[in-house]
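Participant: Structure provided below as C-alpha cells; questions to follow.
Readers should treat all values here as calculations from the given coordinates under stated rules, not as data from a laboratory. Bear in mind the structure is a predicted one, so any value in this text is a computation, not a measurement. With ideal geometry, Cβ positions are generated from the backbone for all residues, glycine too; neighbour counts draw on all protein chains shown.
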Amino acid sequence: MRSWRKTGRIVVPAVVVPLVVAWLAASAYFRLNPLAMNAELSRVAAAPVLAWVYQDDMRAADEIRRTYRIGDPKLLGRDAAESWRQIAAANPDVHLLDTSGAAPVAFDVPFVYESPDAPYLREMDRTFGLQAIAGTGNDEYEAMLRLGAWVGRQFDHGSDQLTGYERQMTPTDVIRAGQNGRKFWCEIAARLVVQAATAMGWQARLISASRTGYRWEHAVAELWSNRYRKWFALDADFNVVYEGRGIPLSVFELCHRGQVLQQAGALTVRRIAPPKRSLSAVDMIPYYAYVHVDLRNDWNSRVLRRGSPVSGDRSTWWTARPSVGPILTAKHRVEDEAVFNWPVNAISLHAREILRGADGSRQLRVGLTAYSPTFRGFEISVDGEAWKPAPSADALVPMSAGAHAIKARVVTPLGYLGPEYEVAFTVTR
C-alpha cells in the first residue's frame, strides 16, 4: 500500500521528502547550491557516456603518444635496472655503484603535445622571431623567462572577447590584436606562452587555478625545465615566476607547499616583465588551493568534439589542498606529485650484453630508451670523455679494470640538452 504525506493542499509521496533531504545534504557536502549541484551531476554522468561515443579519439591519441617512446622497441617497457643486475650476477667482477639512470621511464603519460612544426606555430615564429626573443646560449631556463616576458608585454590585462578563439584565431592573430590595443585575460596569456614555448621545441602545458575547485579564477603556463628537471609555473598575466630557495616552482608545489614557503620567507616572486597597467598587485598563493592540468596543448590543430575522452573533464588531472574540501567532478584526481609532474626527456640506460674479443677484452653494449615528445637525438659520455652522438640509441663501452660512468642525455630540435642520466660501476679485473 502506497504511503502519502499531506502538506496543506499538496499531496507529496513520502519517498520524496528523504530524497530532497539527501539532495540538499549532498549539495551542502559538495558546497554547491541545488541548481549547480544538478548541473555538475549531469556533467559527471555524461562524461563516461560521451567518452564511449567518441572512443575513436582515444585510439588516435594513443597513436600520437606512441611517437614519444624513443629507442629500441625491444627495450621499451623492459626493466633496465634488472638488466644491470643480471650483468653483475653473470660477471662477479662487475660491481654496481649507481643505477639511478636505469630507473623506469613513464611512457603511459596521457598528455598529447603539439608538434613544433605545426604551420600556425611556424607562422608565429617567423612573424615575431621567437628564437631571437628567447636568445641563444646554454641557459634554457633564462631563455624561457625571456620568451614568457615577451608574451606578457604584448597586451594589457582585460576581458576583450575573441570570438571563436580556439577554432579560428591563431596565436599570431591574438598577439596582433593585443598589439593593436585589445586587452585579454590570464588564460589567453597562458595559452600564448604554451604555444610560443612549443614553437621553440619546449614542452609546455596549460594550468587552471581556483580557491574553490569550481570557479576557475586564474590560468598560467607550465614549462618543462631540463636544467632543473621539473615543471615550473610561468604567469604571463602578472608577469612573474615563483621560486623557492632559488628553484622555480610548479603549480603542484604552489598548491601544496606555497603557503608554507611563503610563511617561512622562502618564497620568491620573481618579476620577469613590468606589471600590466590594468592589473593590481595581488597575493596569488591563495588562488592555487586547487589546480588542474589540461592533458593536451594541440588545441589549434586537433579540434575535438565536446566530451571527447582526450579533451575536457576526462582528460584533466587535478589536485587540491585539504582545506578545499570535496569536489564533485569527472576530472581525475592525482595526489602523487611524481605522476602529476611527470618527467620529460627522461632516459633509461639498459645493459644489453657483454661482447668478448679474441684478445680477452670485453665491451659492454648499452641501449637507451627515452620519453621525449620533441626528439632530435641521443648523446652519450663514457668515463668523463666528451659527449658524442648515439644516433642508434646503442653504444659500446670498454670494460677495463677500474671505475666507469656512463651518462646519456637527449638533444632537442634547437640543440637544448635534456637532463643527464647516469649508471656507474667498477670492474675489479
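Participant: Could you order peptides 187-197, 265-275 by the average number of other Cβ atoms within 10 Å of their residues, highest first?
Facilitator: Listed from highest to lowest mean packing, they are 187-197, 265-275.
Participant: OK, next. Per residue, what volume in Å³ does the convex hull of the Cα atoms of segment 100-197 enclose?
Facilitator: 141 Å³
Participant: Tell me, what is a quarter of the convex hull surface for the C-alpha atoms of segment 254-294, in nm² with one decimal?
Facilitator: Computing the convex hull of the Cα atoms and averaging its projections yields 4.0 nm².
Participant: May I pose another question? Pairing the Cα long axis of helix 34-53 with the longest principal axis of the chain, what angle in degrees results, from 0 to 90 and rounded to the nearest 10?
Facilitator: Relative to the chain, helix 34-53 is tipped by roughly 40 degrees.
Participant: Between segment 310-372 and segment 129-162, what is the separation of their alpha carbon centroids in Å?
Facilitator: Using only Cα atoms, the two centres lie 29 Å from each other.
Participant: In percent, how large is the relative contact order of the chain, given Cα pairs closer than 8 Å and 6 or more residues apart?
Facilitator: Rounded, it is 20 percent for the chain.
Participant: I'd like to know which of Tyr113, Ala134, Ala424 lies farthest towards the positive end of the charge dipole of the chain, counting +1 on Cβ of Lys and Arg and -1 on Cβ of Asp and Glu.
Facilitator: Of Tyr113, Ala134, Ala424, it is Tyr113.
Participant: If you average over every viewing direction, what projected area does the convex hull of the Cα atoms of segment 168-247 give, in nm²?
Facilitator: Its Cα hull, projected and averaged over all orientations, spans 6.7 nm².
Participant: Given a Förster distance of 60 Å, report the FRET efficiency between Arg146 and Val21 from their Cβ-Cβ distance, rounded to the nearest 0.05.
Facilitator: 0.55
Participant: Taking R0 as 35 Å, what FRET efficiency do you get between Lys388 and Ala60 from their Cβ-Cβ distance, rounded to the nearest 0.05?
Facilitator: That gives a FRET efficiency of 0.40.
Participant: Top mean-square fluctuation among Ala199, Ala320, Ala351, Gaussian network model of the chain, C-alpha springs under 10 Å?
Facilitator: Ala351
Participant: Shifting gears a bit: Taking the Cα centre of the chain as origin, work out the dipole magnitude from +1 charges on Lys and Arg Cβ and -1 charges on Asp and Glu Cβ, in debye rounded to 20.
Facilitator: Once rounded to the nearest 20, the dipole reads 1500 debye.
Participant: Here's another thing I want to ask about it. Over the Cα atoms, compute the radius of gyration (one decimal) and Dmax (the largest Cα-Cα distance, rounded to a whole number) for segment 330-379, in Å.
Facilitator: 18.4, 64
Participant: Now for a separate question. What number, rounded to the nearest 500 deg cm²/dmol, is the helix-based mean residue ellipticity at 222 nm of the chain, given -39500 (n - 2.57) per DSSP H run of at least four residues and division by all its residues?
Facilitator: -9000 deg cm²/dmol
Participant: May I ask you to derive the FRET efficiency for Ser280 and Arg376 from their Cβ-Cβ distance with R0 = 45 Å, giving the value to the nearest 0.05?
Facilitator: The computed FRET efficiency comes out at 0.55.
Participant: Measure off 7 Å from each Cα along the Cα-to-Cβ vector at Leu396 and Asp359, then give the distance between these two points in nanometres to one decimal.
Facilitator: So the label points at Leu396 and Asp359 sit 1.3 nm apart.
Participant: More than 42 angstrom separation, counting every C-alpha pair in the chain; what % is that?
Facilitator: The share of Cα pairs beyond 42 Å in the chain comes to 26 percent.
Participant: Find which of Gly181, Ser210, Ala196 sits farthest along the positive direction of the dipole of segment 80-225, computed with +1 on the beta-carbon of Lys and Arg, -1 on that of Asp and Glu, about the Cα centre.
Facilitator: Gly181
Participant: Here's a follow-up. Let me know the charge dipole size of segment 89-218 about its Cα centre in debye, to the nearest 20, where only the beta-carbon of Lys, Arg (+1) and Asp, Glu (-1) is charged.
Facilitator: Magnitude of the dipole: close to 680 debye.
Participant: Against the longest principal axis of the chain, how steep is helix 16-29, in degrees 0 to 90 to the nearest 10, with axes from Cα atoms?
Facilitator: Compared with the principal axis, the helix lies near 50 degrees.
Participant: A follow-up question, please. Helix 186-199 against the longest principal axis of the chain: what's the angle in degrees, Cα atoms only, rounded to the nearest 10?
Facilitator: Tilt of helix 186-199: around 20 degrees.
Participant: Right, here's the next one. So which aspartates and glutamates pass the test for Lys183, namely a Cα distance under 12 Å, with those fewer than 8 places away in the same chain ruled out?
Facilitator: Asp156, Asp160, Asp237
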